[in-house]
Amino acid sequence: GVAGLDEKIGGWQAGIATIVAARPGMGKSSMGIATADAVSRGGDGVHLFSIEDTSEAYADRNIARSSGVSAESIRNVDVSREDLRAVTIAVSDLHRRQGWLIDQRSGVTADEIVRSVRRHARANKTKVVIVDYVQLVKRPKGASGHEALTEIITTLADAAKQDGMAYVVMSQLNREVENRTDKRPVLSDLRESGSLEERAKCVVALYRGSVYTAEPDKGANKMCHIPWQQRIELLVLKNSNGRVGRVDARWDGPTTRIS
C-alpha cells in the first residue's frame with residue numbers, strides 16, 4: 001500500500017516472515033492497516049491479530065484512513081455533514097469488501113495464531129497475516145523472554161513457509177534506540193529480541209524524526225519533498241530477496257495514514 005516500499009521490496013513476500021519494528025507511536029499499527037487495506041482492495045484475504053487494540057479501534061482508523069476524517073473526530077462523533085458523507089462512503093466501501101478478518105483475543109499463543117489462520121484460510125482467502133505485535137504474543141510456559149521470542153518467531157516463520165503466506169510481524173524496539181544521537185533503528189537493535197533478526201527474511205523499521213525534533217536532523221534526506229512533520233522513513237534493514245535502503249513516505253497524523 002506504500003508505493004515506494006512496494007517498489008523496494010516487491011510487497012510483502014509469500015512464504016516468509018517480515019518484521020516491522022519501531023518504538024511506540026511510530027506507526028506500526030498504521031502500517032498494518034495500510035497493508036490490510038491494500039490486500040483487501042486487491043481481492044485477497046488478510047488475517048489480522050490485534051493483540052493490543054480492539055477491532056473497533058482498527059475500524060475507526062481504517063475509516064479515518066479511507067475518508068480523510070480524523071480518527072479522533074470519528075471516535076467522538078464530532079463530524080460535519082460533509083465529514084459524515086465521507087465516513088458513510090468509507091464504511092460502505094468496507095462492507096462491500098471481503099477477506100478482512102480481525103482477531104482481537106489477548107493472551108493468544110503463536111501456535112493458536114497459526115491454527116486460527118489455517119482454520120479460516122480457505123473461506124477468507126488469506127494471503128497475508130499480520131501480528132500486532134510479537135511481544136504481546138503469549139509466551140510458552142517456562143521460557144525466558146529471549147527464548148520465548150525465539151520460539152514465537154520460529155513458529156510464525158515456519159508457518160509462513162509451509163502455508164505460502166506472507167506473515168507481517170510487528171515488533172516493539174526497546175529504549176536503547178533513544179539513547180543515541182541518531183535515533184533511527186538499525187538491524188542490531190533487534191539482536192536482544194530473541195532470533196527476530198535471524199529468522200526474519202525481511203526487516204523494515206519505522207522512524208518519524210518529528211517525534212524528537214521540530215527540524216530535519218542530520219540524517220534526513222534533504223532532497224525529500226515531504227515536509228518534515230509529515231515524513232515517515234521506512235528503513236529496509238534486511239531483505240534476503242532484494243534491496244535494502246530508505247523509503248521516504250508521507251504520514252498524516254489525524255488519520256494515521258501512511259502513503
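The values are calculated or read from the model by the stated rules, or taken from the named source; none is laboratory data. Given the structure is predicted, the values throughout are model-derived calculations rather than measurements. Positions of Cβ are generated from backbone atoms using ideal geometry, with glycine treated the same way; all protein chains shown enter the neighbour counts. With ligands, DNA and RNA removed, areas are computed over all heavy atoms of the protein, side chains included. Shrake-Rupley method; radii C 1.70, N 1.55, O 1.52, S 1.80 Å.
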Condition first: out of contact with any Asp or Glu (no Cβ under 8 Å at 6 or more places or on another chain) and open to solvent by 40 Å² or more (accessible area, probe 1.4 Å). Now tell me which residues in region 41-58 satisfy that. Arg41, Gly42, Gly43, Asp44, Thr54, Glu56
Condition first: within 23 Å of the chain's Cα centre (by Cα) and modelled with pLDDT under 85. Now tell me which residues in region 92-105 satisfy that. Asp93, Leu94, His95, Arg97, Gln98, Gly99, Trp100
So is Ala205 modelled with pLDDT of 90 or more and farther than 17 Å from Arg250 by Cβ or not? yes
Complete set of residues in region 131-166 that are in contact with a helix residue (DSSP H, G or I) (Cβ under 8 Å, 6 or more places away or on another chain) and either under 11 Å from Ala17 (Cβ atoms) or of a type in the set (Gly, Ala, Ser) (or both): Val131, Val134, Ala143, Ile152, Ile153, Thr154, Thr155, Leu156, Ala157, Ala159, Met165, Ala166
Suppose we keep only residues that are in contact with a His (Cβ under 7 Å, 6 or more places away or on another chain) and not aliphatic (A, V, I, L, M) within region 104-124. Which one would you say is most open to solvent (accessible area, probe 1.4 Å)? His120
Would you be able to tell me the number of residues in region 160-175 that are of a type outside the set (Gly, Ala, Ser) and over 13 Å from Pro24 (Cα atoms)? 7
Looking at Ala200, Ala159, can you tell me which residue is modelled with pLDDT of 95 or more and small (Gly, Ala, Ser)? Ala159
Asp158 vs. criteria more than 19 Å from the chain's Cα centre (by Cα), closer than 24 Å to Gln13 by Cβ and without any contact (Cβ under 8 Å) to a residue 40 or more places away in the chain: yes
Do you know which residues across region 115-133 are in a loop (DSSP other than H, G, I, E, B) and either touching a Phe, Trp or Tyr at 6+ places or on another chain (Cβ under 6 Å) or hydroxyl-bearing (Ser, Thr, Tyr) (or both)? Tyr133
Name the residues in region 59-69 that are open to solvent by less than 30 Å² (accessible area, probe 1.4 Å) and either in a strand (DSSP E or B) or touching a Ser or Thr at 6+ places or on another chain (Cβ under 6 Å) (or both), would you? Ala64, Arg65
Picked from region 229-256 (must be charged (D, E, K, R), touching a residue at least 24 places away in the same chain (Cβ under 8 Å) and within 13 Å of Met26 (Cα to Cα)), the residue most open to solvent (accessible area, probe 1.4 Å) is Arg250
It is to be established whether one or more residues within region 125-137 are open to solvent by less than 10 Å² (accessible area, probe 1.4 Å), within 30 Å of Asn76 (Cβ to Cβ) and modelled with pLDDT of 90 or more. yes
Reported set for region 18-42 where residues are of a type in the set (Val, Ile, Thr) and either farther than 17 Å from Ala57 by Cα or not in a helix (DSSP H, G or I) (or both) is Thr18, Ile19, Val20, Val39
Residue count for region 95-114, restricted to those that are at positive phi and either in a helix (DSSP H, G or I) or without any contact (Cβ under 8 Å) to a residue 40 or more places away in the chain (or both): 1
What's the total number of residues in region 172-228 that are open to solvent by less than 50 Å² (accessible area, probe 1.4 Å), outside any loop (DSSP other than H, G, I, E, B) and not small (Gly, Ala, Ser)? 13
